[in-house]
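Visitor: Quick one: the structure is below, questions incoming.
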Amino acid sequence: MKSKLKQFTQKSQPAPKAADTTAEWAERFLKYLRSECHLANNTVAAYRRDLEHFKSWLEGRLPTKLKIDDLTNYLVWLKEQDLAATSIARHIVSLRMFYKFLQLEAGITENPAELLTTPKIWRRIPKVIPASVIEQFLTAPQKYDPHWQRDRAILELLYATGCRVSEISDLLLANVSLDEGYCLAEGKGSKQRMVPLGERAIEVIEEYLHHSRPTLVANRDPKETPWIIVSRTGQRLRREAIWELIKRYAKRVGIDPETSPHTLRHSFATHLLAGGADLRLIQEMLGHASIETTQIYTQVENSKLKRVHEKFHPRS
C-alpha cells in the first residue's frame, strides 16, 4: 500500500476538474482502490461506508475546496453521531487516502487530511476462550444438530488456522491439502498465505468431506461448488451464518455470549503464544502486515502473569 501512495507525488498533476461531484470522485477513488491498490472487497466496502458519511456531511460542497478547519469540523460532526474513537480513527485514515487520491487526480496541491490528529485509542485486550474449555466448545455440535459435522469442521478450521471468518467462508476446496496438512488462506489485498492444520482439525475435516459435504452438494454441479464450507443448498456459507452458529454453540456450552469468529482467531494466537510460539511466526500465520498488530497478544499473556503474581506472590 505504501509504495502505491508514494506514487501520488511522483506523477504529474492534471488540472482540477471542478465540475465533478463528490459522488463521482468517490466512485473513481473506489475504482482506484480495487484496480490499482488491489484491496479486498471488504476493505473497499469499508471505505465506501466512510465516504457515505463524508458526503452526507458535505451537503453538496466539493472536497477539493475544503481546508483543515473544515475537516476538523467534520470530525466534530462524527463525534456527535456517537461514533467510537476507533471508528473516528478509521474515518481519518479513509480521508487521508481519499485526499492523496485527489492530489493525484484532482490537482489539489495540499492534503489537509494529513494534519488531522487521530484520537487516542486504548487497545483493548482481546477476549479469548480459555484453553480449559476450548475442547468443549469445539465439540459442541452434536449428532442431533442438522449439520453437525460441517459445523465442527468450521470451528476446527477457525481455531486451527486463526483465519478470519471471511477467509474460511471463501476457502476453496482446492486450497486445502489434508495429506500435507495445510491450507492456503486468501487474506486482505488478495494475499495468500500457507497455514498449517493440526491432526485433530484434519480428522474432523475429513469426516465432514466424506460424510456430510457430499449430501449438501448432491444436487449441484461440482464446478458451482468450489468452496470447502457450504450451506444446506450447496452454496458458499455466508460469514453471517458462521457468526450465528458460533453464538449458538457458545450459548450451548455456557461461555461468553459475545463469542465470535474473531474470538477463535484471538484464542488461536494467544494459546500459541502461551505455548512458546515465536511472535513473528504467529504474525505470519495470522497474515498481519505489521508485527505491532500481533503484539496485542503479548498484552494478554502479561495480564495473565499479573493475575498469577497477585494470587501467589506473598508480597503482591
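Visitor: For the chain, give the magnitude of the charge dipole about the Cα centre (Cβ charges: +1 Lys/Arg, -1 Asp/Glu; no others), in debye to the nearest 20. Before the final figure, lay out each step's value.
Guide: Values: 48 positive and 38 negative charges, 116 e Å.
Roughly 560 debye for the chain.
Visitor: List the GluC sites (Glu not before Pro) within the range 160-216 that DSSP assigns to loop and that have no more than 14 neighbouring Cβ atoms inside 10 Å.
Guide: Details: sites: Glu167, Glu180, Glu186, Glu199, Glu203, Glu206, Glu207; in loops: Glu180.
Within the range 160-216, the qualifying GluC sites (Glu not before Pro) (loop, at most 14 other Cβ atoms within 10 Å) are Glu180.
Visitor: Ok, one more. Let me have the 222 nm mean residue ellipticity of the chain computed from DSSP H runs of 4+ only, each contributing -39500 (n - 2.57), with the sum over all residues rounded to the nearest 500.
Guide: On the way: 15 runs with 166 residues, N = 316.
Mean residue ellipticity, 222 nm, calculated: -16000 deg cm²/dmol.
Visitor: Can you pull the one-decimal nm distance between simple spin-label points at Thr139 and Asn73, each 7 Å off the Cα toward Cβ?
Guide: 6.3
Visitor: I'd like the Karplus ³J(HN,Hα) series for the range 61-75: coefficients 6.51, -1.76, 1.60, θ = phi - 60°, whole numbers in Hz, and an x wherever there's a Gly or Pro.
Guide: Running phi through 6.51 cos²θ - 1.76 cosθ + 1.60 with θ = phi - 60° gives 6, 8, x, 5, 9, 7, 10, 4, 4, 5, 5, 5, 5, 5, 5 Hz.
Visitor: Hey, rough spin-label estimate for Ala274 and Asp256, points 7 angstrom out along Cα→Cβ, what's it come to in nanometres?
Guide: If labels sit at Ala274 and Asp256, their model points lie 1.3 nm apart.
Visitor: Here is a follow-up. Please give the net charge around Leu115, taking every other residue with its beta carbon less than 15 angstrom from that of Leu115, where Lys and Arg add +1 and Asp and Glu add -1. Display every interim value, and only then the final one.
Guide: Working: positive: Lys67, Arg96, Lys100; negative: Asp69, Asp70, Glu110, Glu114.
Summing Lys/Arg as +1 and Asp/Glu as -1 gives -1.
Visitor: Can you tell me, using C-alpha contacts under 8 Å and at least 6 residues apart, the relative contact order of the chain as a whole percent?
Guide: On the way: 349 pairs, mean separation 53.3, N = 316.
Across the chain, relative contact order equals 17 percent.
Visitor: Hey, how much of the P(r) for the chain falls beyond 35 Å, as a percent of Cα pairs?
Guide: Values: 17820 of 49770 pairs.
Roughly 36 percent, rounded to a whole number.
Visitor: Anything over 31 Å Cα to Cα? Flag those among Lys31/Lys79; Lys31/Lys223; Lys100/Lys188; Lys79/Lys251; Lys191/Lys223; Lys127/Lys191, in the order listed. Walk me through the intermediate numbers first.
Guide: Details: Lys31/Lys79 29 Å; Lys31/Lys223 29 Å; Lys100/Lys188 21 Å; Lys79/Lys251 34 Å; Lys191/Lys223 23 Å; Lys127/Lys191 26 Å.
From the list (Lys31/Lys79; Lys31/Lys223; Lys100/Lys188; Lys79/Lys251; Lys191/Lys223; Lys127/Lys191), the Cα-Cα distance tops 31 Å for Lys79/Lys251.
Values quoted throughout were computed directly from the atomic coordinates according to the rules given, and no laboratory measurement underlies them. Just so it is clear, the structure is predicted and the values come from calculations on it, not from any experiment. A quick note on method: Cβ atoms are made from the backbone with ideal geometry, for glycine too, and the neighbour counts reach across all protein chains shown.
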